[in-house]
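Asker: Below you will find the structure I want to go over with you.
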Amino acid sequence: MNVRLTLVLLTLFAAFIAGRSTAQPALVLDPAKLRLASLNAVIVDASAHRSVYAKGADAVTPIASLTKLMTAMVTLDAGLPPDETITIDMDDLDFVKGSHSRLRMGAELPRSEMLRLALMSSENRAASSLARTYPGGSRAFVAAMNAKAAALGMAHTRYADSTGLSAQNVSTANDLALLVGAAAKYPQIRDFSTTGSHFVEVQPTGQILGFNNTNNLVKNGQWDIKLSKTGYIREAGKCLVMLATIASKPFVIVLLDSAGKYTRLGDAQRVRHWLETGETLPATAEARPAAKARKAKTVAYRAPAKRTWSRL
């Protein structure tokens, strides 16, 4: 019996040693191997509440339609009736950038549909209407946006409107990581921002309009995206924020000031490859000089001594 027991123990020990010898070593993420075209970026391991990559993450820069994540939070915090009809009027027209919208004057949709279109297709008139119909109007709405930012610890963020068309809406990559973490706590924001496509029946005409998500990655089966928002105005460049599950872990990805139509998406692919393998994917040659040419646009400031991510 003792011999048998000894043999069993020796066999188990040998199997244990063999298992340890074949186990894969823990992945080491070297930030030097992640080469992004975006001028400002941060990647946060949301499960560990720590940044694993940062590039110009404390530079203040315009944020374009990334603004609409805060617009959504302030709208939902107000507890206004989601089924209440909102009508697009003259105050919702874009006299700043002259951007196009298929929501014409007099178009009527429930507040919940305006919110979905603002998040998934970055509809500026929808975002404007949400602020205009807030108690106290657009001015009170913007004040609530700035108060919410301060409460979240976004010390270098300022909002001037609900759409992001104003270049006075500014933030940093680090602040926006906090914003993504806070926005992800709202089920409607997670759902609406990752809707691939959506149809609405616009009243009073009954016209059916189809809208698509401005982030094509939400339709890509290789991605597991929990929250998404894109942005673009000339002063901000192409921007993208996401909360995505990569290598079985949640990561907040903030990419600001990319040049070229596909550069921010290319950077997102590079981020995912790096998080999964620890290795490099090359940045596109055309993106580097374009981004470098606009480098002087951002305003640097002295970063706080320590950054925590407890809100993610």
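Derivation of every value follows stated rules applied to the coordinates shown; laboratory data play no part. This is a predicted model, so every value here is computed, not measured. In this analysis, Cβ positions are derived from the backbone assuming ideal geometry, glycine residues included, and neighbour counts consider all displayed protein chains.
Asker: Among 41-47, 118-124, 64-70, 211-217, how do they line up by average Cβ neighbours within 10 Å per residue, starting with the highest?
Answerer: Top to bottom by mean Cβ count within 10 Å: 64-70, 118-124, 41-47, 211-217.
Asker: If you don't mind, another one. Highest mean first, how do 110-117, 197-204 rank when packing is the count of other Cβ atoms within 10 Å averaged over residues? Please list the in-between numbers first.
Answerer: On the way: 110-117: 22.8, 197-204: 13.6.
Taking the mean over residues of other Cβ atoms within 10 Å, the ranking is 110-117, 197-204.
Asker: Would you tally the net charge around residue 80, using a Cβ to Cβ cut-off of less than 14 Å, leaving residue 80 out, and scoring K and R as +1, D and E as -1? Provide the component values of the computation, followed by the final result.
Answerer: Numbers: positive: 111, 132; negative: 77, 83, 84, 113.
So the surrounding residues net to -2.
Asker: Can you tell me which aspartates and glutamates have their Cα less than 17 Å from the Cα of residue 148? Leave out same-chain residues fewer than eight positions away.
Answerer: 77, 161, 175
Asker: Rg(Cα) of the stretch 137-177 divided by 2.2 N^0.38 Å?
Answerer: On the way: Rg = 9.8 Å, N = 41, 2.2 N^0.38 = 9.0 Å.
Working it through for the stretch 137-177, the quotient is 1.09.
Asker: Continuing with the same structure: If you place +1 on the Cβ of every Lys and Arg, -1 on the Cβ of every Asp and Glu, and leave all else neutral, what size is the dipole of the stretch 27-297 about its Cα centre, to the nearest 20 Debye? Can you show the working numbers first?
Answerer: Values: 32 positive and 24 negative charges, 176 e Å.
So the magnitude is around 840 debye.
Asker: Same structure, new question: Summing +1 for each Lys or Arg and -1 for each Asp or Glu, what net charge is found among the other residues whose Cβ lies under 9 Å from the Cβ of residue 110? Intermediate values should be presented prior to the final figure.
Answerer: Working: positive: 111; negative: 83, 84, 108, 113.
Taking every other residue near residue 110 into account, the sum is -3.
Asker: Once you've got the Cα coordinates, tell me which of 55/97; 97/185; 185/226; 226/261; 33/238; 55/238 are over 20 Å apart.
Answerer: On the way: 55/97 29 Å; 97/185 32 Å; 185/226 11 Å; 226/261 23 Å; 33/238 23 Å; 55/238 16 Å.
Cα-Cα > 20 Å for 55/97; 97/185; 226/261; 33/238; rest within.
Asker: Applying a 10 Å radius around every beta-carbon, put 55-63, 139-147 in order of their mean neighbour count, most first. Could the numbers behind the result be given before it?
Answerer: Numbers: 55-63: 22.6, 139-147: 17.3.
Most protected by this proxy first, the peptides run 55-63, 139-147.
Asker: Taking the Cβ of residue 121 as the centre, find all other residues whose Cβ is under 12 Å away and add up their charges (Lys, Arg: +1; Asp, Glu: -1).
Answerer: Summing Lys and Arg as +1 and Asp and Glu as -1 gives +3.
Asker: What's the center-to-center distance, using Cα atoms, between the stretch 188-203 and the stretch 32-99 in Å?
Answerer: Each part's Cα centre sits 17 Å from the other's.
Asker: Can you pull the semi-axes for the stretch 144-233, root of five times each eigenvalue of the Cα gyration tensor, sorted largest first, whole Å?
Answerer: 27, 18, 13
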